[in-house]
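Novice: Let me give you the structure first, and then I'll get to my questions.
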Amino acid sequence: MHSNKILTRPERAGINLDTMSQSLTKIYVHIVFHVKSQSLTINPTHKHLLYSYIRTVISDRDSVPIEINGTSDHIHILCLLSKNIALSKLVEDIKRHSSRWIKTLDDKYSKFAWQGGYAAFSVSQSVLEKTISYIKNQEEHHRKRSYKEEVMLFLKEYGMEYNEDYFFSD
């Protein structure tokens, strides 16, 4: 007997649409942002404390911190983004909580703030180790290239439009 039911493409291909009852993601994100004021930098003795704190913020948002490093004026974060949080919300939480926290370390940070914007790039599983290595070696990279040059190279590599006027706006 012939059924009058109209089959969808997945059903015609023999795919049961009821079998995917969970949401699965694996989204690696490389996030980069700068301190707001070029005159206020992060003391090298405080960097690892800051990175540890940021790891906690990321973990508390159901995301997985993989590598965090930077220089005295900017930070790179590689994480596995949770399916339960938007990237913009994660970055907002990292910035807000870490800037409040660093102010408790030293009076020098009383006016500390991160820049308003950020850059974020998707990272393929195939270049994950290369990205981790790149982030681990930030001090070495910045002996040859400024933060602005570094971010502009990423933006060009990813074909992203940008406005240079916003790189260091206070």
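FYI, it's all coordinate maths here, none of it is from the lab. None of these values were measured; they are calculated from a predicted model. All Cβ positions, glycine included, derive from the backbone under ideal geometry; neighbour counts span all protein chains shown.
Novice: Filter Lys47/Lys136; Lys103/Lys130; Lys47/Lys156; Lys111/Lys156; Lys103/Lys156; Lys26/Lys148 down to the pairs with a C-alpha to C-alpha distance above 23 Å, please.
Specialist: Among Lys47/Lys136; Lys103/Lys130; Lys47/Lys156; Lys111/Lys156; Lys103/Lys156; Lys26/Lys148, the Cα-Cα distance tops 23 Å for Lys103/Lys130; Lys47/Lys156; Lys111/Lys156; Lys103/Lys156; Lys26/Lys148.
Novice: Once the stretch 41-109 is represented by equal point scatterers at the alpha-carbon sites, with solvent omitted, what log10 I(q)/I(0) does the Debye formula produce at q = 0.26, 0.27, 0.29 Å⁻¹?
Specialist: -1.23, -1.30, -1.43
Novice: Let me have the relative contact order for the chain, percent, based on Cα pairs under 8 Å that are six or more residues apart.
Specialist: Dividing the mean separation by the residue count of the chain yields 28 percent.
Novice: Can you list the aspartates and glutamates whose alpha carbon sits under 12 Å from that of Lys95, skipping same-chain ones fewer than 8 residues off?
Specialist: Hits, sequence-local ones excluded: zero.
Novice: At 37 °C and a viscosity of 0.692 mPa s, what translational diffusion coefficient does Stokes-Einstein give for the chain, taking Rh as the Kirkwood radius over Cα pairs? Give it in µm²/s as a whole number.
Specialist: Diffusion coefficient, whole number: 181 µm²/s.
Novice: Check which residues have an amide H placed less than 5 Å from Val35's amide H, if you skip close sequence neighbours.
Specialist: Those qualifying (amide H under 5 Å, at least 5 residues apart or on another chain) are His74, Gln115.
Novice: Where does helix 87-102 land angle-wise versus the long Cα axis of the chain, in degrees 0 to 90, nearest 10?
Specialist: 30 degrees
Novice: First select every other residue whose beta carbon is under 13 angstrom from the beta carbon of Glu150; then total the charges, Lys and Arg +1, Asp and Glu -1.
Specialist: 0
Novice: Using the alpha-carbon atoms, what tilt in degrees (0 to 90, nearest 10) does helix 147-157 show relative to the longest principal axis of the chain?
Specialist: 20 degrees
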